[in-house]
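Inspection log for the structure reproduced underneath, given as structure tokens.
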Amino acid sequence: MQEKVENTEKTSESDHLAWVSFIRYRRIATGLLMLMGILTFLGYLLPYYGIIHDSFLLNVFRTGAQAGFIGGFADWFAVTALFRHPMGLPIPHTAILPMQQKRLGKGLGYFIARYVFTKDEVKDTLNKIDFPSLIARYLSNPTNIDVCAKIIMNSVPNMLDRFEDGRASTFVSRIFSRLLSGESLSPLMVRSLRTMVDNEHHQEIVSFLLEVMKKNLKEKEDSLKEIIQDRVKEQGGRFLGWMIGGSVASKVLLGINKEMDRIDPQNSDLRHGIAEWIKKEIDKFETNPERSEKISEALKIFVDHESVQDWREDIWQKIRTLVEEDIENDDGWMKNLIHDTLLYLATQLREDPSVREKVTATLQGAALRSLPHTQQWLVDFTENVVAGWDSKALVSRLETRIGKDLQFIRINGSIVGFLVGIIIYLFIYVCFGSVT
């Protein structure tokens, strides 16, 4: 029998102590079996040579020793057959664990998946975990926020590519309107707008809007002239409208174009005025909840307007260019926006009961929905791992952990066999007067 764990395998201190304990009890069980065999042998040898005479007590003792030896030997065979062929003989249905290693792994995995990793157990465990607090605690560390922000920013180009299949315009036209209507998004919008203005990124948006407005005015110049002429006719009469309506329309459109050209230069006073006006509006937006709701609703209406819908492809391309340029900047507004969003999320997870409830329900629901797949994965994983173990290593591991308890089976087999043998002998003697 193997007396120690193979030297090539590194074992922990607990494994070593378990192995030493197993060896000690195995020696006790083997010694007791040998003792029963020796006593049986002496019980016949000594009377044969006349050293002692047959007697009632000798028969009782000898019968008990025989039963003890048979019981101990049978249990030794059974225990040994679990791990290897007894005495090296290829007896059928022995060396069960090495021969049935793959099936053992599958059965073990099935047991864990179906009776340990159950839906009720997983649900009870998930209910004990405070996911919102864990996430909030993680996001409270600036280093962790930097890591998350880096991961998000690195994934942005791939996300933009995925939206290029036609979903981008749908995203701009539908999702923006929903996001802008959320009350909990108002503080985030304030920080986003303030970051954009402080970094002068709003100038690009102003330029883009001016470009779109000029393009739209040019494309609809004839229809706008007709509208203005009709307005002049309504106010001044048909004759006056016929006389000066076209001239008034041309001058109005010309004046509008001149004002736009005056705003267009980057260093114009009007642009600076717009920036200051935006900052003041942001302050009002931040301190006045009613104004915040009205602006959110106005932005929603603006995004949903059919004119904006017509521009959505241009809007998407402009947004993409702006984002791609900004993610290359270590101090860009997008990085600041992600930081602010994560900080805001951490605050909401700590303080807002509704957000905490939604996050908990979402994570628990996702875990429970994936449970059947996880259970099957556990079965396959355990089966493959156990099947891939070296047979000798498997036997060594199992014997190390459960060998001590199995040796008690052998010890009990010898002792119980000895006692049962004596009881049966006495019972027959009482009933029939002699045992042959």
Checklist outcome for this item: Selection over segment 54-99 where residues are of a type in the set (Asp, Glu) and modelled with pLDDT under 90 yields a count of 1
Item to check | Scope segment 36-81; condition of a type in the set (S, T, N, Q) and in a loop (DSSP other than H, G, I, E, B); matching residues | outcome: Ser55
Checklist entry - Name the residues in segment 378-390 that are more than 20 Å from Ser12 (Cβ to Cβ) and open to solvent by 50 Å² or more (accessible area, probe 1.4 Å), would you? => result Asp380, Phe381, Asn384, Gly388
Next on the checklist: Restricting to segment 386-429, name every residue that is within 24 Å of Ile23 (Cβ to Cβ) and of a type in the set (Val, Ile, Thr).
Outcome noted: Val395, Thr400, Ile402, Ile409, Ile411, Ile415, Val416
Next on the checklist: Against the condition buried (at least 18 other Cβ atoms within 10 Å of the Cβ), assigned to a helix (DSSP H, G or I), among the charged types (D, E, K, R) and on the phi < 0 side of the Ramachandran plot, how does Arg24 come out, does it pass?
Outcome noted: no
Next on the checklist: Just the residues that are part of a loop (DSSP other than H, G, I, E, B), touching a residue at least 12 places away in the same chain (Cβ under 8 Å) and either in contact with a strand residue (DSSP E or B) (Cβ under 8 Å, 6 or more places away or on another chain) or open to solvent by less than 70 Å² (accessible area, probe 1.4 Å) (or both), please, taken from segment 85-104.
Outcome noted: Thr94, Ala95
Next on the checklist: Need pairs with beta-carbon distance below 8 Å; first residue open to solvent by 40 Å² or more (accessible area, probe 1.4 Å) and within segment 128-153, second not polar (S, T, N, Q); sequence gap 6+ or separate chains.
Outcome noted: Phe131/Val359; Phe131/Leu363; Ile135/Leu345; Ile135/Ala346; Ile135/Leu349; Ile135/Val359; Ser140/Ala346; Ile152/Ile338
Item to check | Qualifying positions in segment 405-435 - open to solvent by 80 Å² or more (accessible area, probe 1.4 Å) and in contact with a Lys or Arg (Cβ under 8 Å, 6 or more places away or on another chain) | outcome: none
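The values are calculated or read from the model by the stated rules, or taken from the named source; none is laboratory data. Please read all numbers here as calculations on a predicted model, not as lab measurements. When we count neighbours, we look across all protein chains shown, and the Cβ atoms used for this are built from the backbone with ideal geometry, even at glycine. For the accessible areas, the whole protein counts, side chains as well, though only heavy atoms, and no ligand, DNA or RNA atoms are used. Shrake-Rupley method; radii C 1.70, N 1.55, O 1.52, S 1.80 Å.
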